[in-house]
Amino acid sequence: MTNSPVTPTIPLDAIGTFHGFLRLPHSRDDSAWGAVMIPISVIAGGDGPTALLTGGNHGDEYEGPIALQGLAATLDPATIKGRVIILPMMNLPAFSVGRRCSPIDGGNMNRSFPGRPDGTVTQKIAHYIATHLVPLADIVLDYHSGGRTLDFLPFAAAHILPDKQQEAACMAAMAAFNAPYSMKMLEIDNVGMFDTEVESQGKVFVTTELGGGGTSTAASVAVARKGARNLLIHAGILDGTPEQGPSTLLDMPDGRCFVISEHAGMLEPLVDLGGRVSEGQPIARLWPTDHSGAAPRHLEARLSGILTARHFSGLVGMGDCVGVIAQPVG
Ligand SMILES: [Zn+2]
């Protein structure tokens, strides 16, 4: 086993309900022998598979933490076959300040895997999760939303994988989650992602994007809650009938999905989330912010499909992702 400095304050392999922390020593100005305390709950009912459910990988995304707090507070071990490990706020330092990245070291948790036992705070947390929690799991669900700078149509996602059997299991789990949209997802930058680490360990992995703008809605939280329960039924951990509604399958075929701005300016959306666009159609325009009387610059879709994500807040910087276009399948 690795020499992680993280210590769980609860047993990971006992029957029952346990709420505690992953404790990571963090000596600093305001606490000489202090620690970062990351909440963890383990609810176990005997033989069966293990699900690892995570939120707060990015600290400004709320559907996952809300759904997982509800699950941690209510799951009854008597109704569980196997074990559910819940980390509602994976990157607790980032979550505490409502930011994507950690205020301690600037670390983006989802670019920090597989982590290091002797690295930054964010790398140490990532390393413990990768080496001590993921190996226990058969299925992993990691909740995301757009955070403060993106807004998404609500979707669960699985990746195209080299192992087609594993890919099929991930796609089936994504379908079981049953968000209003289901995405065959292409990552803009998959190095260091939790997704990549979990998949490389051969696990069934589902991620989500459920909204954004640095908050949640009643509708997006309902999608998160229903999805977790459906997934636990799918995994054979909970009994019951999954709640299944229609879900539109989307695909991100290549890098043309991403509309990246080569200018800064004030964002005028020309298409809203869920709207259909054609290749070459402007999805937004950018107005100058420092003088009047000039024409706006247009940002065009590079393929036809549905506007699946958009930049959030009214100002766009150079290099910002302004929109994502995905294509309905079938
Ligand atoms: Zn995220």
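The values are calculated or read from the model by the stated rules, or taken from the named source; none is laboratory data. Only a predicted model underlies this, so the values are computations on that prediction, with no experimental measurement involved. Don't worry about glycine lacking a Cβ; one is built from the backbone with ideal geometry, like all the others, and counts go over all protein chains shown. All accessible areas refer to the heavy atoms of the entire protein, side chains included, with ligands and DNA or RNA removed. Shrake-Rupley method; radii C 1.70, N 1.55, O 1.52, S 1.80 Å.
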What distance in nm separates the simple spin-label points at PHE312 and LEU12, each placed 7 Å from Cα in the Cβ direction? 3.1 nm
Overall form of the range 108-178 per C-alpha gyration tensor (a/c, 1.5; a/b vs b/c): oblate
Give the shape of the range 50-168 as rounded, prolate or oblate, defined through the alpha-carbon gyration tensor: a ≥ b ≥ c are the square roots of its eigenvalues, a/c under 1.5 means rounded, and otherwise the shape is prolate if a/b is larger than b/c and oblate if not. rounded
Straight distance only, please: which lysines reach the Cα of LYS164 with their own Cα at less than 22 Å, same-chain residues fewer than 8 apart left out? LYS184, LYS203
Report the per residue volume, in Å³, of the convex hull enclosing the C-alpha atoms of the range 185-330. 147 Å³
Under 19 Å by backbone N from the virtual spin label 7 Å along Cα-to-Cβ at ASN3, the residues of the range 109-153 are 115-132
Identify which of LEU22, LEU286, LEU153 has the largest mean-square fluctuation in a Gaussian network model of the chain, with springs joining Cα atoms closer than 10 Å. LEU286
Using eta = 1.306 mPa s and T = 10 °C, Stokes-Einstein with Kirkwood Rh from Cα pairs puts D for the chain, in µm² s⁻¹, at 78 µm²/s
Which peptide among 188-201, 221-234 comes first, and what is the full order, when sorted by highest mean count of other Cβ atoms within 10 Å? 221-234, 188-201
Kirkwood Rh, the range 39-111, all Cα pairs: how many Å? 12.7 Å
As I understand it, the dipole of the chain uses +1 on the Cβ of Lys and Arg and -1 on the Cβ of Asp and Glu, about the Cα centre. Which of SER247, ALA218, LEU231 lies farthest toward its positive end? ALA218
Residue-normalised accessible area of the chain, given per residue in Å² at a 1.4 Å probe: 42 Å²
Let's test the formula: R0 of 22 Å, r as the Cβ-Cβ distance of THR74 and HIS132. What FRET efficiency results, to the nearest 0.05? 0.30
At 1.4 Å probe size, with the rest of the protein present, what percent of the exposed accessible area of the range 167-296 is carbon and sulfur atoms? 52 percent
Stokes-Einstein D for the range 161-205 at 4 °C, 1.567 mPa s, Kirkwood Rh over Cα pairs, in µm²/s? 115 µm²/s
Report the paramagnetic label zone for GLN327: residues of the range 264-290 whose backbone N is under 14 Å from a point 7 Å from Cα along the Cα-to-Cβ axis. 277-280
In nm, to one decimal, how far is the modelled label at TRP287 from the one at HIS19, with both set 7 Å along Cα→Cβ? 4.9 nm
Over the chain: helical MRE at 222 nm, DSSP H runs n ≥ 4 each giving -39500 (n - 2.57), nearest 500: -5500 deg cm²/dmol
Output the Cα-based Rg and Dmax of the range 3-79 in Å, rounding Rg to one decimal and Dmax to a whole number. 14.5, 45
Would you mind calculating the gained length between ARG111 and GLN165 on full extension (0.36 nm times residue separation, minus the Cα-Cα distance), in nm to one decimal? 16.8 nm
